[in-house]
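So the structure is just underneath, and the comments pick up after that.
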Amino acid sequence: MIPSLASLHPQVVHFTIVLTVIGAAFRVISLLGRPKWISPAAKTLLLMAALAAFVSTRSGTAAHGPIERIPGVRAAVQEHEEWGDRSQTALFILAGIELVGLAMWKSPQVKLVHGVAAIGALICMGIVYETGAHGGKLVYSYAGGPGLRTGDEKDTERLLLAGYYNLAMADRKAGRSDSAAQLIKDAATRFGSDPEVRLAAAESILLDQKNAQAAIAALAAFDPPPALRIRKGMLQADAFEALGQKDAAIAVLQTIAQQTPNARVQQRLDKLQGRTPAP
């Protein structure tokens, strides 16, 4: 399957950033006159950066439609596009300066052209940085990327699950236990077959609903894969301890420690048994 131009945007923008930054650094160093290879290397990198900026702008334009339709995202998309256009324009101008320098390579004035190019490269680096910052905001603050590259609905489902979880954690931290519990319940309703979601639901019953007995019942109702058994056991121990059943908590941790030795489990076990952990 040939990827669409829009789906290539995350890859090509990183080429633009890296080529601009390294090209700018090489062009500044080239003003020292040595090593001899660094000036042509700077020229090559900055011309490639201009080409990469062109592809980045085209791919970004192809990608913006679906993202703009997300409620509340349009202004952020437009800001990113504007900065992308500025980056392309600035790098095209810089490429023109570099081509002038190439045409004047035998002239004594070429050093002046390279000096102008160095200043321009630093300016371009700042513009490209700002463009990248707006792009990062679009992805991390507005969730503009999931599902765009692959067209797979699983990407969007993962976004929804992450939203449930992250908002629940924020509510829990702020003391909004009822809201946190409801969010985790909603996640469990939609993603109840996921063992990690089931563990998060049991944890929420314990921490948000303050119902240790129900948490124990929820944990007992399923057997998670091996990678999650320590986490399940630690939650069971928390629940038993919340009920004042220290012996039951110790028994759970001892079973885990025998099956899968783990420093964190052993530390918890030592604490429950009143032993001083070994240094």
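The rows are residues; the columns are (1) in the same structural domain as Asn166 (by TED's automatic domain parsing); (2) among the hydrophobic types (A, V, I, L, M, F, W, C); (3) over 25 Å from Ala162 (Cβ atoms).
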{"position": "Ala218", "(1), (2), (3)": "yes, yes, no"}
{"position": "Lys232", "(1), (2), (3)": "yes, no, no"}
{"position": "Gln245", "(1), (2), (3)": "yes, no, yes"}
{"position": "Ala257", "(1), (2), (3)": "yes, yes, yes"}
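Total residues in segment 66-122 satisfying the condition of being free of Cβ contacts under 8 Å to residues at least 12 places away in the same chain and of a type in the set (D, E, K, R): the figure is 5.
Out of Ala24, Ala41, one residue alone is modelled with pLDDT of 95 or more, over 22 Å from Thr89 (Cβ atoms) and in the same structural domain as Ile93 (by TED's automatic domain parsing). It is Ala41. Between Arg69, Arg74, Arg86, the distinction of being among the basic types (Lys, Arg), assigned by TED's automatic domain parsing to the domain that holds Ala133, surrounded by fewer than 15 Cβ atoms within 10 Å (Cβ to Cβ) and in contact with a helix residue (DSSP H, G or I) (Cβ under 8 Å, 6 or more places away or on another chain) belongs to Arg74 only.
Scanning segment 208-241 for residues that are farther than 23 Å from Pro261 by Cβ and either touching a helix residue (DSSP H, G or I) at 6+ places or on another chain (Cβ under 7 Å) or touching a residue at least 40 places away in the same chain (Cβ under 8 Å) (or both) yields Asp208, Gln209, Asn211, Ala212, Ala214, Ala215, Ile216, Ala218, Phe222. Filtering Tyr142, Tyr165 for residues that are within 20 Å of the chain's Cα centre (by Cα) and in a helix (DSSP H, G or I) leaves a single hit, Tyr165. When each of Ser107, Ser39 is tested for being more than 30 Å from Tyr142 (Cβ to Cβ), of a type in the set (Ser, Thr, Tyr) and exposed (fewer than 14 other Cβ atoms within 10 Å of the Cβ), the lone residue that passes is Ser107.
The values are calculated or read from the model by the stated rules, or taken from the named source; none is laboratory data. What you are looking at is a predicted structure, and each value in this text was computed from that prediction instead of being measured. Note that each Cβ is placed from the backbone with ideal geometry, even for glycine, and that neighbours are counted across all protein chains shown.
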